[in-house]
Amino acid sequence: MHKLFIALLVVLNTSLFAQDQVAKDLLDKLSKSTKSYKNVIIDFNFMLENKSQNINEKKTGRLELQKDKFRLVIADQTIINDGKNQWVYLADMNEVQIMEYDPENDIMNPKKLFTIYEKGYKYTYVGEETKKGKKLQIIDLFPEESSSFIKVSLAVDEAQYQLNKITILDKNGGAYTYEVTNFTTNLANLAPFTFNLSNYPNVEVIDLR
């Protein structure tokens, strides 16, 4: 019985190691693919759900990334970052806030949503699923240190090694899902990553720099 128990442990550990290796290989290919693009334009659906607080929201958005610059448009909010300064425009108030950009601030950097797996997480391979004709590989990430969220689930398009969906679960029962609806790369010309005041008549400017 003792030998049988040990044998089962060996098989289990070997299986878990194999799953972790599959996850690592997928994440390495995802990282290499993401970094190879000159720029990325991502259209997505954003969903926030928290059953205990009766929250169920859905919004659409677009994220444009080029090196350290980005433009995020979601609902009535636009965030533009040129790598040094960041503009947050609130359409319903016709107000723009300007602040210095802190690249270490995860909350202020949507780019890190697409590289979140690279540092500070343990990972495991969950399995494969097919959605809308695409074969997706599912990987779960768990923060190595205490964090406001407990798990990040990634769905990776196996054909292109691109992120198809990210779901973040927090400690309060909230689920934040970003589902990619269109993924475009290497466009010849993107609009400048700056906020042009002349395009927003009578905008109120709050400079926090």
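The values are calculated or read from the model by the stated rules, or taken from the named source; none is laboratory data. These numbers were taken from a predicted model, which means no experiment stands behind them. When we count neighbours, we look across all protein chains shown, and the Cβ atoms used for this are built from the backbone with ideal geometry, even at glycine. To get the accessible areas, we keep the full protein, side chains included, count just its heavy atoms, and leave off ligands, DNA and RNA. Shrake-Rupley method; radii C 1.70, N 1.55, O 1.52, S 1.80 Å.
Quick rundown of the values:
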read-out	value
Qualifying position, being part of a strand (DSSP E or B) and free of Cβ contacts under 8 Å to residues at least 40 places away in the same chain, among K112, K151	K151
Only one of Y117, Y89, Y37 that is farther than 22 Å from T177 by Cβ and not in a strand (DSSP E or B)	Y37
Selection status of N164, under 19 Å from the mean Cα position of the chain (by Cα), open to solvent by 40 Å² or more (accessible area, probe 1.4 Å), closer than 28 Å to K32 by Cβ and modelled with pLDDT of 90 or more	no
Test: residue in segment 194-209 that is at pLDDT 90 or above and closer than 20 Å to T115 by Cβ	no
Scan of segment 179-209 for residues that are among the acidic types (D, E) and within 23 Å of the chain's Cα centre (by Cα), ordered by number	E179
Filtered residue count, segment 129-142, keeping only those that are outside any loop (DSSP other than H, G, I, E, B) and open to solvent by 30 Å² or more (accessible area, probe 1.4 Å)	6
Any pair with Cβ under 7 angstrom, 6 or more apart, that starts in segment 169-195 at a residue that is within 12 Å of I41 (Cα to Cα) and ends at one that is of a type in the set (D, E, K, R)	V180/K165; T181/D43; N182/D43; N186/K38; L190/E64
Pairs, first closer than 15 Å to T60 by Cβ in segment 75-87, second open to solvent by 50 Å² or more (accessible area, probe 1.4 Å) and among the acidic types (D, E), C-beta under 8 Å, six or more apart	D76/D92
Criterion: open to solvent by less than 30 Å² (accessible area, probe 1.4 Å), within 23 Å of N164 (Cα to Cα) and either outside any strand (DSSP E or B) or not aromatic (F, W, Y) (or both) - qualifying residue of I80, I42	I42
Unique match (being surrounded by fewer than 15 Cβ atoms within 10 Å (Cβ to Cβ), of a type in the set (A, V, I, L, M) and closer than 25 Å to K32 by Cα) among A155, A159	A159
